[in-house]
Amino acid sequence: PAKTNTAATTTTVVLILIRPLLRNTKGAVHRSDAPTRISLGSRGASARDINHDMKQCAHLQSVTPQQFNRKANTPNGCQECLAMGDRWVHLRLCLECGHVGCCDSSKNKHATKHYGTAHHPVIRSFEPGERWLWCYVDESTSEM
């Protein structure tokens, strides 16, 4: 008779979040080069695990489904890069005004520059299938 392997297979999911350029309370720009790694383990993540930061950030707590699904000002790409004829890596959507800017992996970093001038605290990924949010003020993340 053939032997069967009854060992269970587990999968561990690891999220890597890259922190954007941020301004501290004195206006100095800094960047955390080390990504934040959140291991959700082999048992899966609960809503409590994913939304942990959200409970600590009033900006993220106040985001409504209408804000999350707001219309983008420039749905085809980064507003400034389109105007300049430049490229971007990933897109971010400002939940307050609908500005679409490029991420910090892009050379122009227009989403973070928009925060620096407009002071709108919450963005979300504007990439298909991604549902995460980022608060510049509290350096906090969540998923919706």
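The values are calculated or read from the model by the stated rules, or taken from the named source; none is laboratory data. Here the structure is a predicted model, which is why all the values come from computation and not from measurement. Using ideal geometry, Cβ is built from the backbone for each residue, glycine included, and neighbour counts are taken over all protein chains shown.
Across segment 112-131, what is the number of residues that are free of Cβ contacts under 8 Å to residues at least 12 places away in the same chain and either touching a strand residue (DSSP E or B) at 6+ places or on another chain (Cβ under 7 Å) or not in a helix (DSSP H, G or I) (or both)? Counting residues in segment 112-131 that are free of Cβ contacts under 8 Å to residues at least 12 places away in the same chain and either touching a strand residue (DSSP E or B) at 6+ places or on another chain (Cβ under 7 Å) or not in a helix (DSSP H, G or I) (or both) gives 4.
Against the numbered list (1) touching a residue at least 60 places away in the same chain (Cβ under 8 Å); (2) buried (at least 23 other Cβ atoms within 10 Å of the Cβ), Val137 comes up short only at (2).
The selection criterion, being assigned to a loop (DSSP other than H, G, I, E, B), among the β-branched types (Val, Ile, Thr), modelled with pLDDT of 50 or more and under 18 Å from Thr141 (Cα atoms), does not hold for Val89.
For every residue, the table says whether it meets (1) of a type in the set (A, V, I, L, M); (2) surrounded by fewer than 19 Cβ atoms within 10 Å (Cβ to Cβ); (3) out of contact with any Pro (no Cβ under 7 Å at 6 or more places or on another chain); (4) over 11 Å from Phe126 (Cα atoms).
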| site | (1), (2), (3), (4) |
| --- | --- |
| Pro75 | no, yes, yes, no |
| Met84 | yes, yes, yes, yes |
| Cys94 | no, no, yes, no |
| His99 | no, no, yes, no |
| Ser106 | no, no, yes, yes |
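Which residue, of Ala45, Ala34, is farther than 21 Å from Ala111 by Cβ, modelled with pLDDT under 95 and either of a type in the set (A, V, I, L, M) or not in a strand (DSSP E or B) (or both)? Steps first, please.
Values: Ala34 fails: farther than 21 Å from Ala111 by Cβ.
Result of the check over Ala45, Ala34: Ala45.
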